[in-house]
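What follows is one structure encoded as C-alpha cells, with my remarks underneath.
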Ligand SMILES: [Zn+2]
C-alpha cells in the first residue's frame, strides 16, 4: 500500500510518498495531474521494484513533458540506488537532498544521515562522521562513495 500526502506551499506542491512502490501503484490516481512545481519527498519509500520504476518514470516523464519543474528531496537509500542505476530516473528533475547510510563502529547500528546534494558536492566524497544515536559512538559512511554518490558527477 502506498499513501500520498499533498501539501501546497507557495508555488510548490509537496508530494510525500509513503510505502514500497510496486505493481499496484497508480501515480495518476495517487498524485493526479502534475502541477508546475513539484517537490517529491522520498524519505519513506523503503523499496521500489522494476515495475515500480517503470510506473515512476512514466508518470514523471509525462509531468516533465507538460513542463513541471521536479525536485526530489529526502531520497531514501532505495531511491538513491535507482538514481544511480537509471540515468533518467529523475526525469530532468533536481535531487535536493538524500539519505546517506552510516554504521556505528561501536554498536554496529545502521543509521542514515540527511545531506543536501549541494553540500555533498562540496565535501568531494569526504563524508564526515556522525554520532551514533543509540550509543553515542562514532558512525562512519557505510557504502562505496564512487557508487553511492555516482549521480553527483553527472
Ligand atoms: Zn552505536
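The values are calculated or read from the model by the stated rules, or taken from the named source; none is laboratory data. The structure displayed is predicted, hence computed values, not measured ones. Cβ coordinates were reconstructed from backbone atoms using ideal geometry, including for glycine residues, and neighbour counts include every protein chain displayed.
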Residue pairs qualifying under the 6 Å Cβ cut-off, at least six apart or on distinct chains, with the first in region 128-154 being in contact (Cβ under 8 Å) with a residue 40 or more places away in the chain and the second being surrounded by 12 or more Cβ atoms within 10 Å (Cβ to Cβ) and not in a strand (DSSP E or B), are 141/127; 150/84; 151/83; 151/84
Looking only at region 1-18, count how many residues are in a loop (DSSP other than H, G, I, E, B) and surrounded by 15 or more Cβ atoms within 10 Å (Cβ to Cβ).
1
Of all strands (runs of 3 or more DSSP E) fully inside region 64-154, the set with 1 or more residues that are within 16 Å of the ligand (Cβ to nearest atom) and farther than 30 Å from residue 37 by Cα is 97-104, 110-116, 138-141
Run down 104, 91 and say which single residue is surrounded by 18 or more Cβ atoms within 10 Å (Cβ to Cβ), over 21 Å from residue 11 (Cβ atoms) and without any contact (Cβ under 8 Å) to a residue 40 or more places away in the chain.
104
Given 57, 83, 31, which one is under 12 Å from the mean Cα position of the chain (by Cα) and not assigned by TED's automatic domain parsing to the domain that holds residue 153?
83
Any hit, region 68-82, residues being over 30 Å from residue 11 (Cα atoms) and surrounded by fewer than 19 Cβ atoms within 10 Å (Cβ to Cβ)
no
